[in-house]
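Read the structure below first, then the notes.
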């Protein structure tokens, strides 16, 4: 039976925070952006700002585009660097190489998924030009 | 306190005496005391049996609906009874069967899959289970007294307000379901902390069995999805009981607010049901493909993607309510986007089969049922995400067909596959192949015969929820086909239930790993033990049964961790969240009646409220407080400073702060609480956008800032004193700590009174604005009361010498709740007092 090195004393761990942040940030950005777009549209349509235009584009759409630009900037700033694939045979069960590769790869794919989702939501609302309907 | 390692003691096997003690400590009590058991593998079993019982009960209601609709102009049921039956069918299936069933599978199997002796809060799971059982029985039995809910499973306002539903039927739903949801939340807390902190050493995030990942996402979704509905429940009940007009358009409310709050829960609910089932599929497929899962990263991505995108879909249930087109457009986009992560999961499953050597055994048959049925449900889902189509199909039988293809295909078939697959692990016996196959074909053909025709009945115009129809409508043949299909489906379920009972009693003895599965739960042989493994295994791969061939013998011989119960205590190893390094040894509680008694008191409280017996409800509520004190008091205290965790490893017996699972549990609870408060803030802002300026509306003068300043100052003082108390305890100045806590108590009382005085001039019933403002303040006041109850406990614990600089956990958590309450107060004050000034109150 293999021995393994003793576990590290469990002081707050930078890796833990980084992993949680990388996995949670993209969904959080999407939800905040979605909520902000929905809230902005509700306010603009509810309070009558939707009729105001700037350079031919309505205030609602300008707001959505700005929110989307900010969301994408934040999203891509959360993208972790790529990590090399770990060797297939590992001795130490606590070797973080495999886990780092997993978190980095999954987080980077999440950033792409959220980018597609954020852009698609923003584009469809930009193409829909009207506050018609109720609230 | 940190861990230590002694390599010279790294290979000691378990002795016979230790093995015996391990079994004794974890054995279920006998006789009546068996119901005081709190071990998750027992509670999970109770949960599953109860959920399947409700599936059976809900199925009988479905048959009644189908018999009523079999022929035109039928009068088998009265219209009133029919309304109650279809409402209770939906309610039972969604709240009493589907969510509890997936949670049941999780709490039953997760300890074994993760390599834990038990999940971290077994009393919480037991409490949740008893709440679910009592609440479920009470809600369902209302049918027999003619007081069952009759407003549809989504209980739309204004139909369900007291003006249009004057009886107590709607109250039964609102209070009953609110009560039952407690169990969902307790299970979510248990699962989140359990998956993150009680995994076997070495099971880093990239080695968690996929079911663990799916359950982690699901439990997080419960955490975010359930608060809006619980809040909606509370608001509607407040309107019914106290005339607070949240949903009354004549008094500034909006019926659509209910739909928003309900569907913020209701849509994620679909995925809360589906994702665990997808997790089951992802566990079973690699076994029968005889290879590791293809695209583990992608499957995790898919689960997380579905999880967060599902929160952007709620309005697609409201496409026909007249929302602005611009809002509809991005909800429509999001509805289509959710196809991407779902498709990713499908492709992973296909790839696993494609690259493997599939064996077509009984569980696979049920998975084929899942693939074909769920695929159709998914495709019709894309159809109804398209606005013009949805406007045509909305509230017709097309939607009934779609949702049954999604829910039965996406949840029931995988659940049945899971039962067949893990039956040997649970009972040590195999299901009869022939019985299982006949049951499957009855289920599959019956299901399709029942629900496929509903697509056509919907497209030719048959609306949902109608009591009967005329012979001239042209729907008779299709409805008769659906009814025959429902009867065949029922026969399939009956045969399946028989096959399970038959297997458990007289089934063929199963070998140790009958399917040659690779995941951890199969490693030490079957049937599974209440304490999990003889020694808590060290994991090096995702499929330890395949890739660590020496593991089974080592674990059985007790050569890994914690192969004993030396202090005659139930214990498990807590590991770090990311890399699963051993962190400390958690002492778990032994069987106790406290969770059941607390659940009984909560039941009395809710039932009394339903029947307007306020004084009885108040007595029950007051009695809950000493039960909670007792609960915390009886939390096992550590014996000594360190525990020998076996294999040469010594671990701390106690930790405080963020390392403690209790700390994590409180964090998860506060997140839940914050989401509920967020939903209340949403309601306030929603009503504002509906009304527009002036805000506050006419008749509600803006308060003067000086009056709002008093509770704000008290909240700030509360923050400061709370932090001071904790600092004093960390310096072990217990007397001064007690004084600081006493001052905090006085401040809580003062803040409560100041909020009350501030609210007094505002009418709660004249306008929805007043109702919302009162509810916001009431929410903050309720938190002040909870903080005060916790502060009293801290004083008792200080007096008894149970709190010290080294054991500050109770005060740490009390202080966090105190901080949260003060924060709620400040946000409430800002929202009511500052927000109107910022937007120019008109």
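The values are calculated or read from the model by the stated rules, or taken from the named source; none is laboratory data. None of the values given here were measured: they were computed from a predicted structure. Backbone-built Cβ (ideal geometry, glycine too); neighbour counts: all protein chains shown.
Do we have any residue at all in the stretch B:359-377 that's farther than 30 Å from residue B:430 by Cβ and in the same structural domain as residue B:217 (by TED's automatic domain parsing)?
Here is the first cut: in the stretch B:359-377, the residues farther than 30 Å from residue B:430 by Cβ are B:376-377.
Checking the rest, the ones that are also in the same structural domain as residue B:217 (by TED's automatic domain parsing) come to B:376-377.
Taking every residue of the stretch B:359-377 in turn, at least one turns out to be farther than 30 Å from residue B:430 by Cβ and in the same structural domain as residue B:217 (by TED's automatic domain parsing).
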(request) Being out of contact with any helix residue (DSSP H, G or I) (no Cβ under 6 Å at 6 or more places or on another chain) and under 19 Å from residue B:294 (Cβ atoms) is the filter here, so list the residues in the stretch B:356-374 that pass it. (result) B:357, B:360, B:368, B:371
(request) Considering (1) outside any loop (DSSP other than H, G, I, E, B); (2) buried (at least 22 other Cβ atoms within 10 Å of the Cβ), say which one residue B:579 fails and leave the rest. (result) (1)
(request) Considering only the stretch A:61-102, state which residues are crowded, with 20+ Cβ neighbours inside 10 Å and at pLDDT below 80. (result) none
(request) With the checklist (1) touching a helix residue (DSSP H, G or I) at 6+ places or on another chain (Cβ under 6 Å); (2) at pLDDT below 95 in hand, flag the one item residue B:6 doesn't pass. (result) (1)
(request) Identify the single condition in (1) more than 30 Å from residue B:139 (Cβ to Cβ); (2) more than 14 Å from chain A (Cβ to nearest Cβ); (3) assigned to a helix (DSSP H, G or I) that residue B:587 does not satisfy, given that it satisfies every other one. (result) (3)
(request) Would you confirm whether any residue within the stretch A:108-115 is facing chain B (nearest Cβ under 9 Å), at pLDDT 80 or above, part of a helix (DSSP H, G or I) and more than 30 Å from residue B:202 (Cα to Cα)? (result) yes
(request) Examine the stretch A:85-99 for a residue that is farther than 19 Å from residue B:328 by Cβ, in a helix (DSSP H, G or I) and facing chain B (nearest Cβ under 9 Å), and state whether such a residue exists. (result) yes
(message) Suppose we filter the stretch B:328-375 for residues that are within 27 Å of the chain's Cα centre (by Cα) and more than 14 Å from every other protein chain (Cβ to nearest Cβ); how many remain?
(response) 11
(message) As an exercise: evaluate residue B:776 against (1) in contact with a helix residue (DSSP H, G or I) (Cβ under 7 Å, 6 or more places away or on another chain); (2) modelled with pLDDT under 90 and give the number of the one condition it does not meet.
(response) (2)
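Restricting to the stretch B:646-657, and then to whatever is more than 15 Å from residue B:803 (Cα to Cα) and modelled with pLDDT of 85 or more, can you tell me which residue is surrounded by the most Cβ atoms within 10 Å (Cβ to Cβ)?
In this case the residue turns out to be B:651.
Quick one: would you say residue A:118 is buried (at least 20 other Cβ atoms within 10 Å of the Cβ), more than 7 Å from chain B (Cβ to nearest Cβ) and modelled with pLDDT of 85 or more? Spell out how you get there, then give the answer.
Values: buried (at least 20 other Cβ atoms within 10 Å of the Cβ): yes; more than 7 Å from chain B (Cβ to nearest Cβ): yes; modelled with pLDDT of 85 or more: yes.
For residue A:118, the condition - buried (at least 20 other Cβ atoms within 10 Å of the Cβ), more than 7 Å from chain B (Cβ to nearest Cβ) and modelled with pLDDT of 85 or more - is met.
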(message) Considering only residues that are surrounded by 20 or more Cβ atoms within 10 Å (Cβ to Cβ) and either without any contact (Cβ under 8 Å) to a residue 12 or more places away in the chain or not in a loop (DSSP other than H, G, I, E, B) (or both), which ones fall in the stretch B:27-44?
(response) B:40, B:41, B:42, B:43, B:44
(request) Need at least 2 residues that are closer than 22 Å to residue B:235 by Cα and in contact with a helix residue (DSSP H, G or I) (Cβ under 8 Å, 6 or more places away or on another chain) per element, so show me which helices (runs of 4 or more DSSP H) inside the stretch B:70-162 make the cut, counting only ones lying wholly within it. (result) B:79-91, B:122-141
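Can you tell which of B:176, B:146, B:202 is over 17 Å from the mean Cα position of the chain (by Cα) and either at pLDDT below 90 or not assigned by TED's automatic domain parsing to the domain that holds residue B:254 (or both)? Let's see the steps before the verdict.
On the way: B:176 fails: over 17 Å from the mean Cα position of the chain (by Cα); B:202 fails: either at pLDDT below 90 or not assigned by TED's automatic domain parsing to the domain that holds residue B:254 (or both).
Of B:176, B:146, B:202, the one residue that is over 17 Å from the mean Cα position of the chain (by Cα) and either at pLDDT below 90 or not assigned by TED's automatic domain parsing to the domain that holds residue B:254 (or both) is B:146.
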(message) Checking the condition touching a helix residue (DSSP H, G or I) at 6+ places or on another chain (Cβ under 9 Å) and closer than 27 Å to residue B:189 by Cα, which residue from B:588, B:651 passes?
(response) B:588
(request) For the stretch B:555-576, enumerate the residues that are facing chain A (nearest Cβ under 10 Å), in a loop (DSSP other than H, G, I, E, B) and buried (at least 23 other Cβ atoms within 10 Å of the Cβ). (result) B:559, B:560
(message) Filter the stretch B:311-327 down to the residues that are assigned to a helix (DSSP H, G or I) and within 7 Å of another protein chain (Cβ to nearest Cβ) and list them by number.
(response) B:311, B:312, B:325, B:326, B:327
(message) Given the options B:534, B:572, name the one that is in contact with a strand residue (DSSP E or B) (Cβ under 6 Å, 6 or more places away or on another chain), closer than 29 Å to residue B:638 by Cβ and not assigned by TED's automatic domain parsing to the domain that holds residue B:110.
(response) B:572
(message) Considering only residues that are in contact (Cβ under 8 Å) with a residue 12 or more places away in the chain and more than 7 Å from every other protein chain (Cβ to nearest Cβ), which ones fall in the stretch A:24-55?
(response) A:25, A:26, A:29, A:32, A:33, A:36, A:40, A:44, A:50
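Report, by residue number, each residue of the stretch A:12-23 that is facing chain B (nearest Cβ under 8 Å) and at pLDDT below 85.
Within the stretch A:12-23, the subset facing chain B (nearest Cβ under 8 Å) is A:12-13, A:15-16, A:19-20, A:23.
Once the filter is applied, which keeps residues that are facing chain B (nearest Cβ under 8 Å) and at pLDDT below 85, the stretch A:12-23 yields A:12, A:13, A:15, A:16, A:19, A:20.
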